[in-house]
1. Per DSSP H run of at least 4 residues, take -39500 (n - 2.57); add these up for the chain, divide by its residues and hand me the 222 nm value, nearest 500 deg cm²/dmol.
2. Report the full-extension gain for the segment A34 to E123: residue separation times 0.36 nm, less the Cα-Cα distance, to one decimal in nm.
3. If you roll a 1.4 angstrom probe over the protein chains with everything in place, what fraction of the accessible area of the chain belongs to carbon and sulfur, to the nearest %?
4. Between N180 and R98, what is 0.36 nm times their sequence separation minus the Cα-Cα distance? Round to one decimal in nm.
5. Report S162's accessible area, 1.4 Å probe, all protein chains in place, as a number in Å² to the nearest 10.
6. Viscosity 1.306 mPa s, temperature 10 °C: Stokes-Einstein D of region 117-188 from its Kirkwood Cα radius, in µm² per second?
7. Using the Cβ atoms and a cut-off under 15 Å, what net charge is assigned to the surroundings of K137, where Lys and Arg are +1 and Asp and Glu are -1?
Amino acid sequence: MTPVILLAAEKKSAEVTDWAARVGWLVGLALFVALVYWLMREGWKWRGTLQGDLPELPTAPEDPGPVKLSMTGRYHGSTTAGQWLDRIVARGLGIRSRVELTLTDAGLDVVRPGATDFFVPREALREALLGKGIAGKVLTEGGLLVVTWAHGDRLIDSGFRSDHAAEHAEWVDAINSMINKTETEGAR
């Protein structure tokens, strides 16, 4: 019986003696993570430079008229129309934020606390639809209000998510009927 007890008593883990190697690995890992974040930041800045020809964003008129619809929610970003992964970062359009949307006869007012506000004139609106994703954000089918609008020579898709997703269908109907009304008036 004594040999079994001796074998059990002799088992113990080895002490860590190579602290320099462990610290070296940790420093190396920290430098690698810092490099990755720096490269991501440079890529973001490079994308903004490539999109530097995007004109200044319009601001809301002094008197936009009576409010048709309003909602609060999240702004998830803007992309090139039809290309839901081609994020636009120029002019602050790539920054996610809270949003207060207001639809009036003049157009769509996008107020973003902590980010650049912008206004989409009625004539620039092209389409509204229910989507499921936009540049880095994927939701269930119909979970995103996507508004297509013209700015300069580009068509832009902007994605919004209401605090109450049931409002999205009403927004799609209101914006699309406003676009149809504008096209009908223009044809006269």
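The values are calculated or read from the model by the stated rules, or taken from the named source; none is laboratory data. Everything quoted here is computed from the prediction, not taken from an experiment. In this analysis, Cβ positions are derived from the backbone assuming ideal geometry, glycine residues included, and neighbour counts consider all displayed protein chains. Side chains included, ligands, DNA and RNA excluded: accessible areas come from the protein's heavy atoms. Shrake-Rupley method; radii C 1.70, N 1.55, O 1.52, S 1.80 Å.
1. Details: 3 runs with 61 residues, N = 188.
One gets -11000 deg cm²/dmol as the mean residue ellipticity at 222 nm.
2. Values: separation 89, 0.36 × 89 = 32.04 nm, distance 4.52 nm.
Roughly 27.5 nm would be gained on extension.
3. On the way: 7050 of 11760 Å².
About 60 percent, which is the carbon plus sulfur part of the accessible surface.
4. Numbers: separation 82, 0.36 × 82 = 29.52 nm, distance 2.90 nm.
Result: 26.6 nm gained on full extension.
5. 10 Å²
6. Details: Rh = 12.9 Å.
Rounded to a whole number, D works out at 123 µm²/s.
7. Working: positive: R74, R87, R96, R98, K132, R161; negative: D86, E141, D157.
Residues close to K137 contribute a combined charge of +3.
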